[in-house]
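Single-structure report; data block below.
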Amino acid sequence: MSEPAFEITLATPQSPGAVAIVQLHGRGVPKVLQDLTDRNDWPPGRVRLVSFSGIDEGLAVVLRDGENAIAQVMPHGGPHVVRKIIDRLIAFGGTYAAAQPARVMYPEAESELEGDVLAAIARAASPRAIDLLAA
């Protein structure tokens, strides 16, 4: 069995919210976005408002292109919508990974420690926790 072309990770809590972030990483990510959105031009860094296969509308962006491409799909954060989008991405050949290393989830991090802090901030339960982490 060959290695999956890309992995799917939910970068926001699984609880309902206004927006969810579903992160894709691996080979062929721009092609996956094309299949999901019917848009075929995905230059890195360009955020677009798109339809996700008729499931929902939201934002999508390629953060890094190439062999280790990273993209984010940002639909509304209802669990049903998120699950349908993840299911569609799995149908396109992706594999769901419950967690990824912080450096994968936060490619902008310049170190393992910075990646871990960004991951902790993303899951902080209160603004006071963010103040502590930022310090």
Can you work out which of the residues in region 35-78 that are in contact with a Phe, Trp or Tyr (Cβ under 7 Å, 6 or more places away or on another chain) and not hydroxyl-bearing (S, T, Y) is surrounded by the fewest Cβ atoms within 10 Å (Cβ to Cβ)?
D35
Give all pairs with beta carbons closer than 6 Å in which a residue from region 24-45 that is without any contact (Cβ under 8 Å) to a residue 60 or more places away in the chain meets a residue that is part of a helix (DSSP H, G or I) and aliphatic (A, V, I, L, M); count only pairs at least 6 apart in sequence or on separate chains.
W42/L33
Answer yes or no: is there a residue in region 38-50 that is in contact with a strand residue (DSSP E or B) (Cβ under 6 Å, 6 or more places away or on another chain), hydrophobic (A, V, I, L, M, F, W, C) and modelled with pLDDT under 90.
no
Taking F92 and the conditions (1) hydrophobic (A, V, I, L, M, F, W, C); (2) in contact with a helix residue (DSSP H, G or I) (Cβ under 8 Å, 6 or more places away or on another chain); (3) modelled with pLDDT of 80 or more; (4) open to solvent by less than 30 Å² (accessible area, probe 1.4 Å), which numbered condition does it fall short on, given that it satisfies the others?
(4)
Pairs needed: first member in region 107-125, farther than 17 Å from Q23 by Cβ; second member anywhere, in a loop (DSSP other than H, G, I, E, B) and of a type in the set (G, A, S); C-beta distance under 9 Å; at least 6 residues apart or different chains.
V117/A109
Mind checking which residues of region 8-34 are in a strand (DSSP E or B) and open to solvent by 60 Å² or more (accessible area, probe 1.4 Å)?
A18, V19
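The values are calculated or read from the model by the stated rules, or taken from the named source; none is laboratory data. Everything numeric in this text was worked out from a predicted model, so none of it was measured. Positions of Cβ are backbone-derived with ideal geometry, glycine not excepted, and every protein chain shown enters the neighbour counts. Accessible surface is based on the protein model in full, side chains and every heavy atom, while ligands, DNA and RNA are left aside. Shrake-Rupley method; radii C 1.70, N 1.55, O 1.52, S 1.80 Å.
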